[in-house]
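S.K.: Can you read through this structure? Questions will come right after.
The values are calculated or read from the model by the stated rules, or taken from the named source; none is laboratory data. Bear in mind the structure is a predicted one, so any value in this text is a computation, not a measurement. Note that we place each Cβ from the backbone using ideal geometry, even for glycine, and neighbour counts take in every protein chain shown. What goes into the accessible areas is simple: the full protein's heavy atoms, side chains included, and nothing from ligands, DNA or RNA. Shrake-Rupley method; radii C 1.70, N 1.55, O 1.52, S 1.80 Å.
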Amino acid sequence: MPERAKILLVDDREENLIALEAILSSLDLVPVRARSGEEALKALLNTEFALILLDVRMPGMDGFETAAHIKRRERTRNIPIIFLTVVDSAPDYAFRGYAAGAVDYLTKPFDPWVLRAKVSVFTELYNMNKRLAEQASMLRDRLSGELPPGAGDQASVLPELSRRLTAVEDELARVRELARKSQDPALAVPLADLADRVARLRAGFDALS
């Protein structure tokens, strides 16, 4: 079984972390807690996350500063960040959140269904990217000449590659439909990037075939 995606929950209040875990409990993912920006940065050193839910208002290093550190690091800069904050925050918080690299911004109290739907789609995109990277690695190996010589060897490998790539394409279509129903503009860029990667992989496979 593939490893479940991990979501980093960053909030200095215990009750908020408990509430987030409860909202996300029905999803197939692993929530990881961080009680401060510093804890979040430490967690990111050794663990790969599909998404970060980041509270804006925290003592010490706030959400904006934490996000700035995340985006400066090579291995973490592409992790999507959704900012969470209370509804009476300053009007410029949303702008500052997007400027800091957030893909979305939700105010508390937020609709649990909306948050769950957003997290679900971003997790799906993360899992698809992982699987696509695996398929691309296999295809690169074949294209670089590591496929043993002989038509019989190719005949045994290419159908398996085709089956896996078709499964990725089917899953991409399903995620696109989920994104369409959610009408979430934050998903447009990562979906387009993923679709482009799938198309390039298909073109490479067709050339190999």
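S.K.: Per residue, how much accessible area does region 1-68 show when a 1.4 Å probe rolls over the protein heavy atoms, in square angstrom?
M.R.: Heavy-atom accessible area per residue stands at 48 Å².
S.K.: As an exercise, find the ratio Rg/Rh for region 1-84 from alpha-carbon atoms, using the Kirkwood inverse-distance average for Rh.
M.R.: Dividing the radius of gyration by the Kirkwood radius yields 0.95.
S.K.: Okay, next question. Which FRET efficiency value, to the nearest 0.05, is calculated for Ser162 and Glu48 with the Förster distance at 35 angstrom and r the Cβ-Cβ distance?
M.R.: 0.75
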